[in-house]
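Heads up, the thing below is written out as structure tokens.
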Amino acid sequence: MKGTKKHAGNMKMILRFLKGIRYLFVLSVVLAMVQTALNALTPQIIRYTVDSIIGGSESNLPDWLERLIPKDADVWILLLGAAGMVLVVAVLSGISNYFSRMTLAKGNEGFVKALRDRLFEHIQKLPFSWHVKHQTGDIIQRCTSDVEVIRGFVTQQLMEVFRITFLIILSLSVMFSMNVKISLIAVIFVPVVAGYSGIFYSKIASRFLVADEAEGDLSAAVQENLTGVRVVRAFGREKFEIDRFEEKNQKFSSLWIRLGQLLSVYWGLGDLITGLQILVVIIAGTFEAVAGNITMGDFMAFISYNTTLIWPVRGLGRILSEMSKAGVSADRLGYILNEEEESEPSEALEPDMHGDICFEHVNFSYEGFQPVLKDVDFTIKKGTTFAILGGTGSGKSTLTYLLDRLYDLPEGSGRITIGGVDLNSIRREWVRKNVGLVLQEPFLFSRTIQENISTFRPGAPFEEVQFAARIACVDEAVESFAEGYETIVGERGVTLSGGQKQRVAIARMLMQKAPIMIFDDSLSAVDSETDSKIRASLKECLGSSTVILISHRITTLMQADQILVLDNGRVAELGTHDELLQKNGIYKRIYDIQMSSDDRALLEKEGE
């Protein structure tokens with residue numbers, strides 16, 4: 001029952017993406033049936049040729065067709081006419097086949113395009129937490145290999161079911177009209193072929209699922225290795241990665257070998273049963289011909305129809321095995337498409353984001369993990385610079401994820417407000433448009449530096465791009481490149497240094513001109529002097545924006561209007577730099593550890 005519901009759901013999903021182009025598939029099926037009917041005429045032409053033209057027996061053609069044949073025509077003329085009929089039927093069959101495939105190709109591409117578009121759009125709208133839990137390689141494999149399996153099912157297997165069903169009905173109708181006894185013998189083998197095909201269908205489906213999941217793991221391993229290629233080379237991990245890939249590849253190959261063994265047994269038994277069926281029909285037909293119950297032409301035509309019948313029945317088993325693969329792929333795509341997208345309240349708001357940011361007794365934990373934030377309560381005044389300091393795992397980045405609505409704060413876990421408006425009631429798109437975020441490890445696209453900086457404002461004037469780069473102190477580095485701002489950034493920004501990537505990301509965020517700007521340890525890869533220059537430039541140009549600085553570096557934070565110290569997910573200290581030094585707590589301890597002579601010299605320079 002559960003399997004039936006699943007198959008019904010898969011078919012419903014496929015039909016949904018066929019909306020608007022179903023007529024193309026219907027037309028293709030009709031043309032395929034016309035081709036099948038035309039092909040069924042050829043054995044009848046051979047039957048007439050052998051029995052009536054060569055054998056001289058009375059013709060069994062329909063009256064309207066009999067009247068078209070000259071009565072006193074020479075045998076050679078009649079043979080040429082029969083050959084001409086075969087040629088005409090072949091030409092008409094070819095034309096039908098051509099247009100059937102053309103309409104099918106158009107419909108198939110429309111279906112696959114709609115499926116891919118929907119998959120990509122849906123993935124873009126899935127929660128950030130969903131992406132964290134799933135491997136990129138596996139998602140890509142589902143959206144490529146599994147889509148291709150579905151394409152093959154719709155283009156070939158599903159269409160073949162209709163064509164073969166019509167072919168079987170047509171062949172049996174003609175065969176029973178010619179000889180009931182031999183037809184019954186031929187039909188006996190049909191349920192045998194269908195029965196063992198069904199048994200193999202269930203076995204193949206389960207094995208294909210395991211093999212498909214192994215392919216996803218293999219794709220994920222390749223994607224992860226290529227993404228982290230610099231780490232692999234830097235730590236000499238090539239041998240480890242090769243061994244790891246070979247292990248997964250061996251598992252993948254073994255699974256497909258086992259699947260191939262099962263298919264070999266299936267096809268071997270199929271050939272045996274098919275051969276037996278043809279042999280029995282030939283023997284029965286021979287006895288009937290010797291007994292005079294059928295003519296030689298009938299016998300030849302009957303054998304032709306039987307071959308036409310048994311191979312499609314045989315093909316049904318192949319289609320069933322392919323359908324099992326398509327079913328698995330449809331389940332894997334359905335898993336993605338059935339995931340809930342990020343939801344919005346019924347009346348999502350778009351308030352002014354230039355307001356105080358309040359965290360009111362916030363508690364938060366990631367799914368399956370211990371609490372990360374515990375009763376966090378503080379207020380960030382609008383237009384001020386607010387700094388956050390804390391050890392690894394203290395919850396610093398979690399605060400920014402919540403503020404950017406990458407994660408939603410569950411009910412009963414406190415409240416976050418901006419200008420007095422509950423964050424969960426504000427439209428996500430509006431939040432992310434007004435909250436700029438630069439991460440410690442920023443992502444850059446494989447495009448030019450100018451395109452990366454103007455990501456939020458495509459087509460922005462070049463002067464604004466240059467200005468943002470100058471504020472981020474990356475303009476000199478960019479202009480030193482041969483191609484300048486047209487320099488293509490390698491995948492994930494590998495052609496730039498860590499500090500350059502961070503500064504390009506800062507410039508990109510400045511182009512957003514957001515009222516709230518978050519720097520999540522985004523100056524960690526630059527030296528103290530450059531850090532100081534960037535902060536000075538930002539202070540001049542940010543205007544009324546609220547700035548949130550997260551860093552491990554005291555010199556980055558100490559001039560903020562307020563500094564929050566997190567310890568194990570709790571607010572440990574809150575105040576200005578001078579106030580925190582007087583408390584002689586965590587902040588003072590970190591300050592004493594970090595303040596080298598160079599840092600003190602830099603502070604004195606900044607003070608001047």
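Where a number appears in this text, it was derived from the coordinates with a stated rule and is not lab data. These figures come from a predicted structure and were not determined experimentally. Glycine gets a Cβ as well: all are built from the backbone with ideal geometry, and neighbour counts include every protein chain shown.
Below, the figures for the structure above:
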item: Aspartates and glutamates whose Cα lies under 19 Å from that of K251, excluding same-chain neighbours fewer than 8 positions away; result: D138, D212, E213, E215, D217, E224, E241, D243
item: Across K106/K133; K374/K501; K381/K513; K125/K433; K19/K203, pairs whose alpha-carbon gap is larger than 27 Å; result: K106/K133; K374/K501; K19/K203
item: Ranked R589, R258, criterion: other C-beta atoms within 10 Å, fewest first; result: R589, R258
item: Cα long-axis angle, helix 22-39 against the chain (0 to 90 degrees, to the nearest 10); result: 30
item: Distant-in-sequence amide H partners of T546 (H built 1.01 Å from N, under 5 Å); result: G383, I516, M517
item: Cα long-axis angle, helix 296-337 against the chain (0 to 90 degrees, to the nearest 10); result: 10
item: Correct choice for mean projected area of the Cα convex hull in nm² that was computed from the model, options (1) 37.4; (2) 39.6; (3) 29.1; result: (2)
item: Charge-dipole axis of region 17-337 as Lys and Arg at +1 and Asp and Glu at -1 on Cβ define it, positive-most pick from F252, N306, V154; result: F252
item: Neighbour-count ranking [beta-carbon atoms within 10 angstrom, fewest first] of C473, C541, C143; result: C541, C143, C473
item: Principal-axis tilt of helix 528-541 within the chain, Cα atoms, nearest 10 degrees; result: 90
item: Cα-centre dipole for the chain with unit charges at Cβ (Lys and Arg positive, Asp and Glu negative), debye to 20; result: 1740
item: Region 330-369: GluC sites (Glu not before Pro) falling in loop per DSSP and having at most 10 other Cβ within 10 Å; result: E340, E347, E367
item: Net lengthening on full extension, F245/H354 (0.36 nm per residue, minus Cα-Cα); result: 34.1 nm
item: Positive-end residue of V280, N225, T400, charge dipole of the chain with Cβ unit charges; result: V280
item: Proxy reagent accessibility, fewest Cβ within 10 Å first, across K325, K125, K513, K239; result: K239, K125, K513, K325
item: Normalised contact order of the chain, rounded percent, pairs of Cα under 8 Å and 6 or more residues apart; result: 14
item: Kirkwood-based shape ratio for region 17-337, expressed as Rg/Rh from alpha carbons; result: 1.13
item: Two-site label geometry, E476 and D74: point separation in nm, points 7 Å out along Cα→Cβ; result: 10.2
